[in-house]
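Visitor: Mind looking over this structure? Questions follow.
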Amino acid sequence: MKIAVTYSEKADPLFDAKIESITRGVTSDCKNLLEKISKRNALTIIDYIISMLTEINLSSHYQKDLITLLCRFSIEHNHKPFQQITRSEIVASTSNSLAIS
């Protein structure tokens, strides 16, 4: 009997180093948020931030805001993998956030 291994169960020896690299220069809250969400979503956020840092001069304030927003989005959707979130879920989440503001 084969047992499927989910993405979050696979070992990634560089996970902590990746978190350190993208949270350097921003508040420790960002690091704490990344550690609270699913590993799969955290790695997606990490890869996104690394890409942004490579392509543009990302300010630390904008970097902090992106990490915070995406981590809260993950928590709000019960750590559902970002790749499985539908457009309607994104629109509903955005509408709820705007209504609260």
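Visitor: Go through the stretch 9-53 and count every residue that is outside any helix (DSSP H, G or I) and either aromatic (F, W, Y) or free of Cβ contacts under 8 Å to residues at least 40 places away in the same chain (or both).
Guide: Number of matching residues: 8.
Visitor: Which of the residues spanning the stretch 75-93 are more than 14 Å from S38 (Cα to Cα), of a type outside the set (V, I, T) and free of Cβ contacts under 8 Å to residues at least 12 places away in the same chain?
Guide: R87, S88, A92
Visitor: In the stretch 30-47, which residue that is over 8 Å from the mean Cα position of the chain (by Cα) and under 21 Å from N78 (Cβ atoms) is surrounded by the most Cβ atoms within 10 Å (Cβ to Cβ)?
Guide: Among residues in the stretch 30-47 that are over 8 Å from the mean Cα position of the chain (by Cα) and under 21 Å from N78 (Cβ atoms), the one surrounded by the most Cβ atoms within 10 Å (Cβ to Cβ) is C30.
Visitor: For Y62, indicate whether it is under 19 Å from Q83 (Cα atoms) and modelled with pLDDT of 90 or more.
Guide: no
Visitor: Within the stretch 57-74, which residues are in contact with a helix residue (DSSP H, G or I) (Cβ under 7 Å, 6 or more places away or on another chain) and touching a residue at least 24 places away in the same chain (Cβ under 8 Å)?
Guide: Scanning the stretch 57-74 gives Q63, K64, I67, T68, L70, C71, S74.
The values are calculated or read from the model by the stated rules, or taken from the named source; none is laboratory data. Fair warning: this is a prediction, and the values are worked out from it, not measured in the lab. Don't worry about glycine lacking a Cβ; one is built from the backbone with ideal geometry, like all the others, and counts go over all protein chains shown.
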